[in-house]
1. For residues that are at pLDDT 90 or above and open to solvent by less than 10 Å² (accessible area, probe 1.4 Å), scanning just the stretch A:400-420, find the one that is nearest to the other protein chains (Cβ to nearest Cβ).
2. Just one of the numbered conditions (1) more than 9 Å from chain B (Cβ to nearest Cβ); (2) farther than 25 Å from A:G271 by Cβ is not true of A:S452; which one?
3. Taking B:A98 as the residue in question, decide whether it is within 7 Å of chain A (Cβ to nearest Cβ) and in contact with a helix residue (DSSP H, G or I) (Cβ under 6 Å, 6 or more places away or on another chain).
4. Among the listed residues A:L395, A:L371, A:L331, A:L340, identify the single one that is touching a residue at least 40 places away in the same chain (Cβ under 8 Å) and in a loop (DSSP other than H, G, I, E, B).
5. Looking only at the stretch A:142-187, which residues are away from chain B (no Cβ under 14 Å) and of a type in the set (S, T, N, Q)?
6. Might you check whether a residue that is without any contact (Cβ under 8 Å) to a residue 24 or more places away in the chain and buried (at least 22 other Cβ atoms within 10 Å of the Cβ) occurs anywhere in the stretch A:145-164?
7. Please state which one of B:A93, B:A83, B:A49 is in contact with a Pro (Cβ under 9 Å, 6 or more places away or on another chain) and more than 8 Å from chain A (Cβ to nearest Cβ).
8. When you go through B:G106, B:G133, B:G139 one by one, which is the residue that is small (G, A, S) and away from chain A (no Cβ under 11 Å)?
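The values are calculated or read from the model by the stated rules, or taken from the named source; none is laboratory data. All of these numbers come straight from a predicted model, not from anything done at the bench. Here Cβ is always computed from backbone atoms with ideal geometry, including for glycine, and neighbour counts include all displayed protein chains. What goes into the accessible areas is simple: the full protein's heavy atoms, side chains included, and nothing from ligands, DNA or RNA. Shrake-Rupley method; radii C 1.70, N 1.55, O 1.52, S 1.80 Å.
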Amino acid sequence: METLGHLGHGFGQALTPQNLLFALFGSVLGTLVGVLPGIGPTSGIAILLPLTSFLPPAPAIIMLAAIYYGAMYGGSTTAILVNIPGEVASVVTSLDGYQMAQQGRAGPALAIAAISSFVAGTLGLLGLTFFAPLLAEGALRIGPPEYFGLVVLAFSVVVSLSGPSLLKGLSAAALGAFVALVGLDPMSGVRRFTFGTTTLLGGIDFIAVIIGLFAITEVLVGVEKSAPAVALARLGKLMPSGAELRACVGTMLRATGIGFGLGLLPGCTPGAISFIAYDVERRVSRTPERFGRGAIEGVAAPEGANNATTSAGFVPLFALGVPATPALAVLLSGLMIYGLQPGPLLFEKQPQFVWTVIASMYIGNVMLLVLNLPLVGLWARLCHVPYAVLAPLILIFSVLGAFSVRNSLTDVGMALAFGVVGYLMIKTGYPTAPLVLALILTPMLESSVRQSLDMAHGSAMIFVTRPIAVTLLAAGLALTAWTLVSRRRRIPHVV
Amino acid sequence: MRRPALEIGVALVALGAVSVVESWRLRDGWLGARLMPLVIGLALVGLGAAHLAAPPPPAPPSPDRAAPGRAALMLALVVFYVAALPWAGFLPATAVFALIVVRWLGAYSWPATLAVTVAIAGASHVIFLRWLGMPLPAGPLGL
């Protein structure tokens, strides 16, 4: 009851005209940040942080938090319409969302993305409201061996993302893992695969790879079809049918559970979590063959998961001062600018601030739904933009998006190179999703393995002597075996 | 369609070999920075060898008539655009790139092409340089 009292008081503060205005302002800016490729939540918050410097702490953090979850909402729009994920977590959304847009169902895809984001975001906020300190302590007990188990579990998704040929999927994943190793080793500072140059010291940025593999590849594939063959997606109806909504209820709840549960763990990125939510949805579906071909659940699952992750990320941030994602690390610096030290004492020392921000998130979620649903028609009409206009726009935005990562043309060059890689992969039937997944997971895999082995003085027994770690490992291996067996039944000739 | 699989197999083996050699070269423990390059290198070599031993099925043929020359031309245009950015500046390079692509793909009249070009280059300039303050190359004209 005490929590409800605090929350009620928070709503009283959050509903003041000033705080409402900044929540709205942040939601709109965040949506824009999400829509623009390359400018993800992290750089969005970093760019807009100075804008909030003239504000008191509560409206400033309300605005920054609204930018963060606004970006998570907006990232799906370009992923669905033009196959350009606005941020990393939307990569999975593009798998089915873009197919839906191609089939003239851009409206329902955008609408279900907004609805699923709202449902999962709001349920995630309930978790944040009622369980923050408790959950944060539990999440901290997860050590490197458990993270290793979790990554193995996540890697089992590669098998189901591989398409008709397992060999092709595994090869794509191995390429992604190789790319992830380039640059300074984060633990020892040793240079790897830099070939004596300084250009590759910072590694190959994830955003540049995504932009290349999705946006640039998309244009290269699109442009080679003769002009009349470049079919512009039909607008179609704007809202999902009642049956589609009902089909997505379970999806949204599962995505919320996965997104919120895994989002509590620092280092577990929304990108990886949305892949896991998508895979779970495909596994529980009675018609898994629809996934990748425009299944509406394939949009609802990653969008729900990444918004639940967004809410969950505030649990370790507020309760322990631990940012779960890079974007939250930037937000943490925003808190510290105002002399607010997140941690166990924040709820005691600054209850008014914390509960006002939490209440404003509920309001921000409603605002985003209200902003996004009526705009579905407007966004969906982007499908009617002629390809001759869309193609240069995509390429210019891709160049800008890759450049914005580190203000360097090297990243643009990388994006172009991965555009060619993506094009060749499509032409030869290699799936790009396992490459992306491996790129996300390999740094986590490497740090968890090495930290675990350090803890155990080099003994690999640590992975099988800790109950949570061994459970996760067993689950990962069981899921891989299960998928392999079901693949053999479905596609007897798989290699 | 056996040839692409063989080429990809050879490329994977070569990439794996580079990774294994790199892990050998690194000055760190085998349970340190060398571990993952070695594991991934061996995986790449194994996968490449699997390609050579039993090539995977080729990609299903596309239902659309493709013209790979158009993709190559578009790639060349983007490469020239990116190469021109540092010395021409963002706005002029973007305008020329947009003009060529819109004219090529759209086959619109010149006035329409120019209008679309101005809209694309102008909007990009205002959003990314003015509003977001992105430090894009300005070129000799400062644009």
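1. A:V412
2. (2) is the only condition that A:S452 fails.
3. Details: within 7 Å of chain A (Cβ to nearest Cβ): yes; in contact with a helix residue (DSSP H, G or I) (Cβ under 6 Å, 6 or more places away or on another chain): yes.
So B:A98 passes the test.
4. Working: A:L395 fails: in a loop (DSSP other than H, G, I, E, B); A:L371 fails: in a loop (DSSP other than H, G, I, E, B); A:L331 fails: in a loop (DSSP other than H, G, I, E, B).
Unique residue meeting the criteria: A:L340.
5. Hits for the stretch A:142-187 are A:S156, A:S160.
6. Among the residues of the stretch A:145-164, not one is without any contact (Cβ under 8 Å) to a residue 24 or more places away in the chain and buried (at least 22 other Cβ atoms within 10 Å of the Cβ), which makes the answer no.
7. On the way: B:A83 fails: in contact with a Pro (Cβ under 9 Å, 6 or more places away or on another chain); B:A49 fails: in contact with a Pro (Cβ under 9 Å, 6 or more places away or on another chain).
Residue meeting the stated conditions: B:A93.
8. After applying the criteria, what remains is B:G139.
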